[in-house]
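The values are calculated or read from the model by the stated rules, or taken from the named source; none is laboratory data. Here the structure is a predicted model, which is why all the values come from computation and not from measurement. Cβ placement follows ideal geometry from the backbone for every residue including glycine, while neighbour counts extend to all protein chains displayed. SASA here: full protein model, heavy atoms, side chains in, ligands and nucleic acids out. Shrake-Rupley method; radii C 1.70, N 1.55, O 1.52, S 1.80 Å.
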Amino acid sequence: MRHALLFYCRAGFENDCRQEWEARSGQTGGWESEPGFALFKPGKGGEADPNPPEPKELIFARQTLHVLADVQLGEKDRLTPILDALKSSKISAFNGVWLEHPDSDAGKPLSGFTRRFTDIVEKALNERNLIDPKARFRLHLFFPSMTRALVCSVDPEVAASPWLMGIPRVRMPSEAPSRSTLKLSEAFMTLVPDADQLLKSGMTGVDLGAAPGGWTFQLVARGLKVFAVDNGPMKGDMAIHPHVKHMREDGFKYKPQHPVDWLVCDMVEQPARIAQLIAKWLASGTARHAVFNLKLPMKKRWAEIERCFELIDQTMNAAHVRYALTAKHLYHDREEVTCYLTRLKAPRR
Ligand SMILES: C[S@@+](CC[C@H](N)C(=O)[O-])C[C@H]1O[C@@H](n2cnc3c(N)ncnc32)[C@H](O)[C@@H]1O
């Protein structure tokens, strides 16, 4: 069966979502997009991938769902058309149901409705034995407006972002010197598997473009000793913390005396320059893991990302270093994406 795919994204990045999907899946088809989402209908002869890439693999999509039905809703009875659509789907039960709306100016007023409607939908599904905690798929009801619902499914084990609307809840620490801290915190939650194991007390890190210290704060909070490189001033605790050494140097020239476990970089610079810099650190073994931000103020963001990844690939291959690279347009990112690059162990001979 050919299913359409629904992608959630930050409003204004629907085209990036589309370009990335077409480049990575090799599929073309029809698209409908509004701020906050893009709907892909595979073209004739082209099957939608039965196992869409995990949201983790897609940079611009916060969530990826199979669309089971696209239903018009009556003003008085919104429930019946949804239940009718579920009857004709081949899925006998769902492990839960999430009601969502676009993360956009037009979508925000729908949040009260989706909250209130959730109880009504859950009750109706339970009465019809359509909820079974052991079932494979979760039901998503996505409301582009009050008069339309996209009835979708996802297997949370393999495909779904674990967060409602694909948006992680990240707590703003009151002691952090800047809101940028949320970006690195979200990157550790989203991009770094086993972050608790990989970021531990006694490790060392370098923060390029550290001031005023939001990213340094995240490293220090996990017990790392940090070289904070920036000509600008560090603020608050990060200016006096015993585990922070502020180096007033150029981030493109700075080299630590000893290799470090972590490199993080939030310098505002051309993305290709950042990509090359980070790749050199990892290829030479100066750092084992890196989280860095590629600023993308240009129109062709996807093309720029491909160019940066190619540069990283060339540098790592030239040094014969195996690596893994993942990236995400985080909820706390604006015109930028955040990447995680890590050295992989060489295979045993
Ligand atoms: C977006 S801010 C970093 C915010 C920081 N991550 C935080 O969480 O507070 C970018 C910083 O990069 C620094 N920067 C830009 N180019 C640099 C360079 N070549 N060397 C060192 N720092 C640089 C700027 O001084 C600025 O403080």
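Look through Ser178, Ser201, Ser153, Ser174 and report the one residue that is under 30 Å from Val97 (Cα atoms) and of a type in the set (Gly, Ala, Ser).
Ser153
Of the conditions (1) more than 12 Å from the ligand (Cβ to nearest atom); (2) surrounded by fewer than 22 Cβ atoms within 10 Å (Cβ to Cβ), Arg179 fails just one. Which one is it?
Result: Arg179 passes all but (1).
Suppose we filter segment 194-205 for residues that are surrounded by 20 or more Cβ atoms within 10 Å (Cβ to Cβ) and either under 20 Å from the mean Cα position of the chain (by Cα) or not assigned by TED's automatic domain parsing to the domain that holds Leu325 (or both); how many remain?
Selection size over segment 194-205: 1.
So which strands (runs of 3 or more DSSP E) are wholly in segment 239-349 and hold at least 1 residues that are more than 22 Å from Ala176 (Cα to Cα) and among the basic types (Lys, Arg)?
Numbers: elements: 244-247, 260-265, 287-295, 323-328, 336-343.
Those strands (runs of 3 or more DSSP E) span 287-295, 323-328, 336-343.
One residue is enough: does segment 36-46 have a residue meeting the conditions closer than 22 Å to Glu100 by Cα, open to solvent by 10 Å² or more (accessible area, probe 1.4 Å) and at pLDDT below 95?
Scanning segment 36-46, I find at least one residue that is closer than 22 Å to Glu100 by Cα, open to solvent by 10 Å² or more (accessible area, probe 1.4 Å) and at pLDDT below 95, so the answer is yes.
For (1) within 13 Å of the ligand (Cβ to nearest atom); (2) crowded, with 21+ Cβ neighbours inside 10 Å; (3) closer than 20 Å to His332 by Cβ; (4) in contact (Cβ under 8 Å) with a residue 24 or more places away in the chain, each residue gets a yes or a no:
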{"residue": "Val192", "(1), (2), (3), (4)": "no, no, yes, yes"}
{"residue": "Asn231", "(1), (2), (3), (4)": "yes, no, no, no"}
{"residue": "Gln257", "(1), (2), (3), (4)": "no, no, no, no"}
{"residue": "Arg273", "(1), (2), (3), (4)": "yes, no, no, no"}
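If Thr64 meets every condition in (1) modelled with pLDDT of 95 or more; (2) open to solvent by less than 20 Å² (accessible area, probe 1.4 Å); (3) assigned to a strand (DSSP E or B); (4) closer than 19 Å to Trp163 by Cα apart from one, which number is that one?
If we test Thr64 against (1) modelled with pLDDT of 95 or more; (2) open to solvent by less than 20 Å² (accessible area, probe 1.4 Å); (3) assigned to a strand (DSSP E or B); (4) closer than 19 Å to Trp163 by Cα, just (1) comes out false.
Please indicate, with yes or no, whether at least one residue in segment 206-222 is surrounded by fewer than 18 Cβ atoms within 10 Å (Cβ to Cβ) and away from the ligand (no atom under 16 Å from the Cβ).
no
Check whether at least one residue in segment 93-104 is out of contact with any strand residue (DSSP E or B) (no Cβ under 8 Å at 6 or more places or on another chain) and open to solvent by 20 Å² or more (accessible area, probe 1.4 Å), and report yes or no.
No; the residues of segment 93-104 include none that is out of contact with any strand residue (DSSP E or B) (no Cβ under 8 Å at 6 or more places or on another chain) and open to solvent by 20 Å² or more (accessible area, probe 1.4 Å).
Counting only residues that are open to solvent by 30 Å² or more (accessible area, probe 1.4 Å) and of a type in the set (Ser, Thr, Tyr), which one in segment 119-166 is farthest from Glu57 (Cα to Cα)?
Thr147
Take segment 126-165 and flag every residue that is on the phi > 0 side of the Ramachandran plot and more than 23 Å from the chain's Cα centre (by Cα).
Answer for segment 126-165, where residues must be on the phi > 0 side of the Ramachandran plot and more than 23 Å from the chain's Cα centre (by Cα): just Asn129.
Looking at the structure I just gave you, is Gly236 in contact with a Pro (Cβ under 9 Å, 6 or more places away or on another chain), within 16 Å of the ligand (Cβ to nearest atom) and open to solvent by less than 50 Å² (accessible area, probe 1.4 Å)?
no
Given the options Val154, Val158, name the one that is modelled with pLDDT under 95 and under 19 Å from Lys90 (Cα atoms).
Only one candidate passes the filter, namely Val154.
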